[in-house]
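Written out below as structure tokens is the structure these notes cover.
The values are calculated or read from the model by the stated rules, or taken from the named source; none is laboratory data. Since we're looking at a predicted model, the values are computed, not measured. Calculation scope for accessible area: heavy atoms of the full protein, side chains included, ligands and nucleic acids excluded. Shrake-Rupley method; radii C 1.70, N 1.55, O 1.52, S 1.80 Å.
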Amino acid sequence: MHVDAKLMKELGAVSDAVAPTEVLLVCDAGIVRAGYADRVHEILDAAGIPVTRFDDFSENPDGHMCAAGA
């Protein structure tokens, strides 16, 4: 699921509807610096959804960066 600023406000309700058992939160350094990754993580934690975060790559990841997240 792609989460933008508008959807972030509704993430709790969306997660209830989708009912994930866990989430892989993938975000680049800019999203982390802006605080969005922490906010999404907090929302999912509050909903009782386990979150694994992967942010060890840059914009436009190459194959090696994607493999590191696998």
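Being open to solvent by 80 Å² or more (accessible area, probe 1.4 Å) and modelled with pLDDT under 75 is the filter here, so list the residues in the range 40-70 that pass it.
Residues satisfying the conditions are E59, N60, A70.
So, restricting to helices (runs of 4 or more DSSP H) that lie completely within the range 26-70, which ones have at least 1 residues that are closer than 23 Å to A13 by Cα and not hydroxyl-bearing (S, T, Y)?
On the way: elements: 29-33, 36-46, 63-69.
Filter on the range 26-70 gives 29-33, 36-46.
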